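Worksheet: the structure to be examined is printed underneath.
The values are calculated or read from the model by the stated rules, or taken from the named source; none is laboratory data. On a predicted model such as this, the values are computed, not experimentally measured, just so you know. FYI the Cβ positions are ideal-geometry reconstructions off the backbone, even for glycines, and counts take in every protein chain you see. Only protein heavy atoms, including side chains, enter the accessible area calculation; ligands, DNA and RNA are left aside. Shrake-Rupley method; radii C 1.70, N 1.55, O 1.52, S 1.80 Å.
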Amino acid sequence: MEEEKEKIQFELTAELIEQVQGFVESQNDKELQKLLKEFHYADIAEILDELNLEEAVYVIKLLDSETTSDILMELDEDNRERVLKNLTAKEIAEEIEELDTDDAADIIAELPEERQQEVISKIEDEEHKEEIRELLTYEEDSAGGLMAKELVKVYETWTVAGCMRRIRGQAKEVTRVHSIYVVDKQEKLIGRLSLKDLIIAKSDQKIADIAKDNVDYVNVNDEAEEVARIMSKYDLEAIPVVDDKQTLLGRITIDDIVDVLKEEADKDYQMAAGITGDVDSDDTILELTRARLPWLFLGLIGGVGAFLIMEGFQEAFGKYAVLFFFTPLIAAMAGNVGVQSSAIIVQGLANDDVKGSINSRLLKEMLLAALNGFILAIFLFLFVWGIKGEVNTALAISVSLVAVIIVAGLIGTFVPLFLDKRGIDPAIATGPFITTSNDIFGILIYFWIAKMILGI
């Protein structure tokens with residue numbers, strides 16, 4: 001128990017990295033193996049991410065394939081690419097043979113096309129080889145690209161006793177048995193079994209008599225996001241994958257869906273921050289510039305637009321200079337409200353919680369924005385009146401605030417709904433797009449209302 005506790009409490013420290021580097025430099029393989037044996041493969045991957053390429057490759061070649069195959073899946077993508085470049089096709093094939101087919105296909109897909117064929121040809125298990133080839137034909141972001149071929153299936157005509165004998169061999173190839181899938185003679189999915197159903201059934205019963213026919217499944221061409229939505233909605237640990245003829249092809253497990261959700265969350269977070277493309281902090285300056293510059297340019301255009309609007313109201317500034325000092329507040333409130341509204345809608349769309357028509361959503365947001373705006377406007381009215389003693393000026397600024405908040409809320413609600421209807425990722429609406437557009441509209445509404453109330 002104490003040993004397990006130590007493994008769980010892994011902490012990556014400079015001292016640990018130096019210790020590993022020292023064993024590598026002195027080629028003290030025995031002590032290095034003894035040290036790494038104490039850690040989970042995910043912990044070892046974290047250690048390797050901190051080593052240089054030569055040291056990481058040394059450790060990979062030192063450990064057994066069963067361990068290093070799992071380590072490779074946990075490595076940072078860029079580090080994994082560099083490590084794979086320094087392994088021979090035979091060495092990669094040995095790692096691949098220890099992985100489930102979905103993970104094996106993911107690793108091979110990262111290799112250059114010529115090397116892919118070279119690695120596949122070195123895989124000795126013919127069945128494993130053909131299954132990997134099949135998985136590589138599917139789109140990466142589809143159910144086929146996520147699924148593994150390893151599963152436990154039985155035929156409806158088998159008896160329970162015969163089924164128990166046959167599934168023992170299948171179960172050896174499956175990391176975790178979530179469900180047993182029932183097929184007919186044409187390999188079509190017709191039901192499922194739990195291990196409990198099988199254990200408590202009488203040995204002479206037919207599988208068809210105890211199978212549940214209400215089995216959830218996805219089509220091999222379904223998008224990964226749709227698979228994630230279904231598994232999340234029905235709280236599934238695994239889901240079978242079929243083709244258009246209902247033939248059972250494989251299964252997708254929850255660990256693959258967690259990866260999908262994480263990738264989507266990372267992408268949406270970057271889009272909300274105004275970054276296009278899949279980038280991280282270790283990418284080159286040129287790659288990071290390409291990802292950030294388009295949205296920064298949009299912000300620049302927005303700033304120029306705001307300048308032109310303010311220039312058109314120079315007369316108002318001349319008579320009521322106080323209006324100028326509240327411009328940042330109006331722009332900030334517009335941006336904040338717009339981002340809040342769009343973030344709620346985008347989150348709802350992602351979770352499939354947005355119901356009803358666009359009009360009903362806009363009406364609800366307008367009422368919400370009006371209530372929030374009214375409360376804030378009262379405070380702002382009292383503040384401006386208190387420091388300036390001018391009722392009309394205070395009224396102009398506070399009424400403008402209410403109008404700006406309502407318009408910003410409507411824009412923040414409408415834009416992601418509109419983008420979603422057009423098949424465009426609505427996450428784009430939570431970033432600089434909404435902020436910039438609301439800044440411009442906010443300033444325009446602010447000066448227009450102020451000009452009308454003050455009679456400028």
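General remarks:
- Sequence-ordered 3J(HN,Hα) estimates for region 208-215 from the Karplus curve with 6.51, -1.76 and 1.60 and θ = phi - 60° stand at 4, 7, 10, 6, 8, 8, 8, 9 Hz, glycine and proline given as x.
- Pairwise FRET efficiency - GLN170 versus GLU98, Cβ, R0 = 22 Å, nearest 0.05: 0.75
- Placing unit charges on each Cβ (+1 for Lys and Arg, -1 for Asp and Glu) gives region 330-420 a dipole about its Cα centre, and among GLY389, ASN359, ILE330 the Cα reaching farthest toward its positive end belongs to GLY389.
- Most to least accessible of HIS40, HIS128, HIS178 (protein chains only, probe 1.4 Å): HIS40, HIS178, HIS128
- Kirkwood Rh (inverse of mean 1/r, distinct Cα pairs), region 20-150, angstrom: 15.2
- Correct option for Rg/Rh (Cα atoms, Kirkwood Rh) [calculated from the coordinates] among (1) 0.98; (2) 1.01; (3) 1.11: (3)
- Lysines whose Cα lies under 28 Å from that of LYS451, excluding same-chain neighbours fewer than 8 positions away: LYS319, LYS388
- Whole-Hz couplings from phi, Karplus 6.51/-1.76/1.60, listed for region 47-54; x for Gly and Pro: 5, 5, 5, 8, 8, 6, 4, 4
- A run of the chain free of exposed loop cleavage sites, with trypsin sites (Lys or Arg not before Pro) counted only in DSSP states other than H, G, I, E and B and at most 11 other beta carbons within 10 Å, reaches its longest extent at 38-171.
- Computed FRET value (nearest 0.05) for LYS30 with GLN117, which takes r as the C-beta separation and R₀ as 45 Å: 0.75
- Between GLU287 and GLN347, the FRET efficiency from the beta-carbon distance, with R0 = 45 Å, is close to 0.95.
- Cα gyration tensor shape of region 108-148, rounded if a/c is under 1.5, else prolate or oblate by comparing a/b with b/c: oblate
- Anisotropy class of region 353-446 from Cα gyration tensor, a/c 1.5 cut: prolate
- Each residue, GLU187 and PHE307, gets one label point 7 Å from its Cα in the Cβ direction; the gap between the two is 6.6 nm.
- In the chain, the calculated helix contribution to ellipticity at 222 nm averages -21000 deg cm²/dmol per residue, counting -39,500 (n - 2.57) for every DSSP H run with n ≥ 4.
- Selected from ALA143, GLY22, ALA370, residue furthest toward positive end of dipole (the chain; charges at beta carbon): ALA370
- The shape of region 396-456 comes out prolate: with a ≥ b ≥ c from the C-alpha gyration tensor, a/c is at least 1.5 and a/b beats b/c.
- Cleavage-rule hits, GluC sites (Glu not before Pro), region 313-413, DSSP coil, Cβ neighbours within 10 Å at most 15: GLU390
- Figure legend: label point modelled 7 angstrom from the Cα of THR159 along Cα→Cβ; residues of region 196-217 with amide N under 20 Å from it are 197-211.
- Computed lengthening from ASP197 to ALA109, 0.36 nm per intervening residue step minus Cα-Cα distance: 27.8 nm
- Beyond 18 Å in Cα-Cα separation lie the following of the pairs LYS122/LYS172; LYS37/LYS61; LYS212/LYS245; LYS37/LYS262; LYS153/LYS212: LYS122/LYS172; LYS212/LYS245; LYS37/LYS262.
- Rough spin-label spacing in nm, given labels placed 7 Å along Cα→Cβ, for ILE453 and PHE297: 3.9
- Across region 80-95, coupling constants 3J(HN,Hα) worked out from phi with the 6.51/-1.76/1.60 Karplus curve, θ = phi - 60°, read 4, 4, 5, 5, 4, 5, 9, 10, 6, 4, 5, 5, 5, 4, 5, 5 Hz, and Gly and Pro carry x.
- Whichever aspartates and glutamates have a C-alpha closer than 12 Å to that of LYS149, once near sequence neighbours (fewer than 8 apart) are set aside: ASP100, ASP102, ASP103, GLU127, GLU130, GLU131, GLU134, GLU173
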